[in-house]
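Encoded as structure tokens, the structure appears first; notes follow it.
The values are calculated or read from the model by the stated rules, or taken from the named source; none is laboratory data. All of these numbers come straight from a predicted model, not from anything done at the bench. As a convention, Cβ positions derive from the backbone with ideal geometry for all residues, glycine included, and neighbour counts pool all protein chains shown. Side chains are part of the model used for accessible areas, which takes the heavy atoms of the whole protein and leaves out ligands, DNA and RNA. Shrake-Rupley method; radii C 1.70, N 1.55, O 1.52, S 1.80 Å.
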Amino acid sequence: MKIKAFTAVLAAALLSSCGSSMGTASLTPKSSETSVTAASQEKQPPKEEGSSEADTETTTTTTTTTTTTTTTTTAPDEGNMSLVTTEAPKDQSYYISDGGFVVAYSGTPQMRAMEQYFFNESASYALAGNVSSYAEAVGDKTRVYLMVIPTAQELYNPEGLVNSTQDQSDCTLEIYSNLSGVTGVAVNNILKKHKAQYLYSRTDFHWQPLAAYYSSKVFAETAKVDFPLLDTYTMKKREGFLGGFYTLSGITELAQYPDDFYYFCPANMDKVKVTVYDRGFNNGYESVLIHEENSVDASYMMFGTDDAIIEVDTGIKNDRVLVLFKDSYGNALTPFLTQSFSKIYVCDNRFFEINSVEFAKKVGATDVLFAFNASSAGNNDRVALISELMNR
């Protein structure tokens, strides 16, 4: 099957204050660990250190050994959660690292590194067009969605950069406004509402699983599928996580305040059957939903590899089959959707070697979700892959 590629052109209709140009980074955590198992009870979902109890709602140096504590608890009931706001550090200092990353709030428990966000107008316009072309090609019996996931700078930008940084919410809505036959899944507001909780790692460029939970909830509501509350999951905590900003980008001062890493095991995890296939959807072998055996330095990698096609048979009998085309941010969505779809196919465009339209038809997809972080959404090569895979 040959599908006409969407041409990235600037249109007069795209009037935006988002600007142009883009920046991306691909980092994988790496460190060392010693594991200790403990048990405790927590009444609230994780929040960042230094939090106050004020309620809020918003709609718009080197170390050689890291000690890790793995704590297992029942996750809190989201319905009973109090929303707290993280008290902004008095010192709003920041600097730009040699690698081009923002390093903010040095010397405080809220110190973090962040990718800089730059809106790429032509790539974003092409993203909307390519996903719309995919929806047309796969047919109207398959629902197609696009989720653009904000990066940490959207929530934790220091004051001195606010006026010079494009608003990711506005830029994402601009992308969604150009979709045809595709539903945009807007998650910025719910993440802003819960920003005081542990939503993004401070030492790694990925989000935390709790942010993926809230985003999965928005998607499930949009797709009109069942979605369990947070208290049905088993929450586990790992201490001493130093992610890619530390290990690969060399921002060593982050070792003063390593991350905690919280993940959530669904109630049906023991019933889920996972098969991992190669890039051509061949040579499958049995695997697991969450690789809890991973060391702390590979905590985010516990959700599976990018270099494969992963089939998740959830045991849910609702005849809804989801194909998830994603970047590494999308990996954390899967555990939260195992009680919403009967099967899930997790695919990374960068390592996918077959025709994406024919694949969705072959597996009987009722739903296709494209989920990319905001930097990937502005990456010309990543966006072009959507079109290329339709013609493969």
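Of the residues Thr234, Thr203, the single one that is of a type in the set (S, T, N, Q) and surrounded by 22 or more Cβ atoms within 10 Å (Cβ to Cβ) is Thr203. Checked against (1) under 21 Å from Thr142 (Cβ atoms); (2) out of contact with any Pro (no Cβ under 6 Å at 6 or more places or on another chain); (3) surrounded by 19 or more Cβ atoms within 10 Å (Cβ to Cβ), Asp319 passes all but a single condition, namely (3). Filtering region 137-163 to residues that are surrounded by fewer than 19 Cβ atoms within 10 Å (Cβ to Cβ) and among the aliphatic types (A, V, I, L, M) leaves Leu161, Val162. Among what's in region 264-276 and is touching an Asp or Glu at 6+ places or on another chain (Cβ under 9 Å) and part of a strand (DSSP E or B), pick the residue that is nearest to Thr234 (Cα to Cα). This residue is Cys265. When Gly280, Gly250, Gly244 are checked against the criterion of being at pLDDT below 95 and open to solvent by less than 40 Å² (accessible area, probe 1.4 Å), a single residue qualifies: Gly244.
When region 339-392 is limited to residues that are among the acidic types (Asp, Glu) and open to solvent by less than 40 Å² (accessible area, probe 1.4 Å), the one that is nearest to Glu121 (Cα to Cα) turns out to be Asp348. Every test in (1) closer than 30 Å to Phe101 by Cα; (2) open to solvent by less than 30 Å² (accessible area, probe 1.4 Å); (3) assigned to a loop (DSSP other than H, G, I, E, B) is passed by Pro228 save one, and that test is (1).
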